[in-house]
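The values are calculated or read from the model by the stated rules, or taken from the named source; none is laboratory data. Predicted, not measured: the structure shown is a model, and the values here were computed from it. FYI the Cβ positions are ideal-geometry reconstructions off the backbone, even for glycines, and counts take in every protein chain you see. With ligands, DNA and RNA removed, areas are computed over all heavy atoms of the protein, side chains included. Shrake-Rupley method; radii C 1.70, N 1.55, O 1.52, S 1.80 Å.
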Amino acid sequence: MVDEKSMAGDVYFPAPEVIESAHIKSFEEVHAAATADLAGFWGKIAAENFEWYQPWETVLDDSNAPFYKWFVGAKVNIIHNALDRHMHTAARNKAALIFEGEPGDGRVYTYQQLNHEVCKFASVLRSLGVRKGDRVTIYMGRIPELMIALLACAKIGAMHSVVYGGFSTEALHGRIEDSESKVLITADGAWLRGNIIPLKQIANEALERAGAVQSVVCIKRTGQDVEMVPGRDHWYHDLMALPIADPNAPTEVMDAEDPLFILYTSGTTGKPKAILHTHGGYMVGTATTLKWVFDIKDKDIWWCAADPGWITGHSYIVYSPLVLGATSFMYEGAPTHPYPDRWWSLIAKYGITILYTAPTAIRGLMRFGESWPSRHDLSSLRLLGTVGEPINPEAWKWYHRVIGREQCPIMDTWWQTETGNFMITPLPCVPLKPGSATRGFPGVQVDVVDEDGVPAAANEEGYLVIKTPWPAMLRTIFGDPDRYVQQYWSRFEEQGWYLPGDSAKKDEDGYIWVIGRIDDVIKVSGYRLGTAEIESALVSHEAVAEAAVIGVPDELKGNIIKAYCILRQGFDGSDKLEKELRAHVGHEMGPIAKPATVEFVDNLPKTRSGKIMRRVLKARALGQDEGDLSTLAD
Ligand code: WT7
């Protein structure tokens with residue numbers, strides 16, 4: 001229990017009227033109830049707020065941990081709760097999605113209209129041979145059809161695998177292959193800063209290398225000519241005009257534990273991992289966290305400005321707002337196009353009430369100064385949010401003062417692709433400290449511990465751990481259950497704790513301060529990239545024999561990538577080659593993964609067993625102490 005009067009540091013207390021009107025008025029009370037009876041807590045929430053075709057026998061089955069199961073025996077489909085049930089209530093005529101494209105075009109979908117499109121596309125997918133359990137890769141920009149595609153897959157029980165539209169050929173190819181997708185859904189292009197990202201062209205290249213895809217569905221968005229392969233490729237609008245596109249398509253009845261989707265993310269070593277989420281627990285966890293943390297009410301317009309290609313978009317653009325019957329806003333393009341006030345103008349134009357974005361976006365917009373936001377009426381905003389990396393107090397305070405008029409609490413939400421929903425986060429009733437995600441969501445037991453699992457002293461750095469299971473947790477790594485156990489549950493196996501891979505500190509009030517990744521993951525502008533994938537893109541270039549990449553702190557992006565390359569015989573390091581290698585990584589992985597600098601070296605620090613010691617490279621790059629070098633070869 002925190003004694004609010006004596007809290008340490010810079011503390012922002014919520015206004016009494018914020019607490020008064022919030023769904024949850026006392027964090028302590030709800031957290032205590034959840035802690036006392038975790039299964040009872042979630043069972044009650046699941047029964048009262050969602051519709052199930054058939055109820056569960058057991059809320060939480062931990063008999064085969066860490067392969068936890070939630071709502072065992074229940075029949076459900078998240079689409080029944082996100083769309084079908086709203087057809088019988090006033091929500092039918094409510095805006096589900098308000099969209100504005102970068103060029104300025106707009107669209108509104110009511111729940112009825114969205115359901116109509118989803119049903120039609122679901123039956124199109126069925127007619128292309130997609131069945132329950134099949135995988136479908138989706139590679140698109142931030143447009144309504146992306147949402148429709150995800151929902152249509154879920155409706156028929158197929159697992160979607162979204163590949164972020166900013167990734168390129170090899171990243172897309174690898175993810176299509178690994179998932180063994182039958183169908184790829186893409187678009188001709190996506191608008192970004194007035195330019196076209198040639199999605200279909202990149203997809204064609206990726207498919208030249210990939211075998212299993214039988215059909216491609218292409219949405220016309222940017223309108224330029226694209227190459228369509230006869231027999232394989234179809235236009236979305238052509239398929240949707242066929243009689244097979246049935247607006248009354250039935251929703252597949254699923255087990256609560258049946259897979260909903262996979263989403264690739266980078267881990268400690270090797271290729272990206274396909275994180276698997278399920279229909280039942282994910283639905284309960286994402287909708288409950290959104291409702292309590294962002295206090296979603298009927299008249300809100302919720303804007304999660306993330307990319308749907310990342311977990312944030314899956315959980316908080318696509319699924320949970322619909323399950324809650326809320327109205328979401330979606331904007332396609334760049335925050336600075338055509339001018340740095342595009343976002344602020346959108347808030348005023350649509351009367352956005354809640355904005356959720358990343359520290360890197362806030363820092364980027366902060367650079368342009370206060371005159372841009374001050375030109376717009378932002379008074380509709382009542383809550384703000386941030387996610388993706390630690391937010392520096394300076395950016396937090398700017399966001400709070402300039403965007404939030406010092407009246408909007410900021411929900412700094414710590415979570416991961418793996419966790420499915422917010423894990424460490426304030427609720428509107430919780431006192432805030434700029435830069436801290438505060439404490440675990442009710443029922444989530446988080447701690448900071450040392451090597452042996454002993455709780456770290458106040459303000460000492462240690463491993464972040466989660467000590468209890470939660471409904472929206474990942475169930476496995478698709479196709480690699482051993483790696484699931486190894487990666488997340490082996491470090492503190494005895495205790496049975498989940499290891500997120502972050503380091504953190506806990507202060508004297510029990511507030512968590514996340515520091516950053518302790519593994520080979522680099523966060524660039526909040527995007528999670530694995531060193532292994534970038535290194536393998538580098539060595540796929542003919543000049544490179546060996547490569548190592550590290551993250552170096554950067555004021556704007558959080559981190560930037562620095563690469564070290566050993567060249568093959570016959571190649572010499574030059575500015576031209578550096579440029580070429582950066583472009584090569586951009587082509588294979590995507591622009592986000594491009595190294596800021598490439599340094600040509602004769603050798604790399606390695607352990608005696610041949611593992612590159614990135615920590616040593618990093619210490620050298622930052623001019624810090626290289627630490628324990630006893631395992632270094634030579
Ligand atoms: C990693 C997970 C969850 C949606 C987006 C990221 C970092 C995330 C915060 C935060 C400090 C944060 C962690 C985490 N992270 N949110 N509020 N404060 N760090 O999902 O791509 O799976 O990345 O992002 O390092 O492990 P993701």
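The set of residues in the range 183-222 that are charged (D, E, K, R), part of a helix (DSSP H, G or I) and open to solvent by 60 Å² or more (accessible area, probe 1.4 Å) comprises Glu208, Arg209. Taking into account only those residues within the range 139-174 that are among the β-branched types (Val, Ile, Thr) and assigned to a helix (DSSP H, G or I), which is farthest from His237 (Cα to Cα)? Among them, the one singled out is Thr169.
His86 falls short on exactly one of the conditions (1) modelled with pLDDT of 95 or more; (2) open to solvent by less than 10 Å² (accessible area, probe 1.4 Å); (3) in contact with a Gly (Cβ under 7 Å, 6 or more places away or on another chain), and that condition is (2). The single condition among (1) farther than 21 Å from Leu192 by Cβ; (2) open to solvent by less than 10 Å² (accessible area, probe 1.4 Å) that Ile317 does not meet is (1).
If you scan the range 601-621, which residues turn out to be on the phi < 0 side of the Ramachandran plot and of a type in the set (Gly, Ala, Ser)?
Ser609, Ala619, Ala621
Within the range 63-111, the residues that satisfy the criterion of being outside any strand (DSSP E or B) and of a type in the set (Phe, Trp, Tyr) are Phe67, Tyr68, Tyr111. Given the criteria modelled with pLDDT of 95 or more, open to solvent by less than 10 Å² (accessible area, probe 1.4 Å) and farther than 24 Å from Ala593 by Cα, does Leu125 qualify? Yes; evaluated as a whole, the condition is true for this residue. Annotation for the range 580-596: at least one member residue is outside any helix (DSSP H, G or I), within 26 Å of His173 (Cβ to Cβ) and open to solvent by 20 Å² or more (accessible area, probe 1.4 Å). If only residues of the range 255-270 that are buried (at least 24 other Cβ atoms within 10 Å of the Cβ) and more than 16 Å from the ligand (Cβ to nearest atom) are counted, the one that is farthest from Ala122 (Cα to Cα) is Ala256.
Being more than 14 Å from the ligand (Cβ to nearest atom) and of a type in the set (Lys, Arg) is a description that applies to Arg582.
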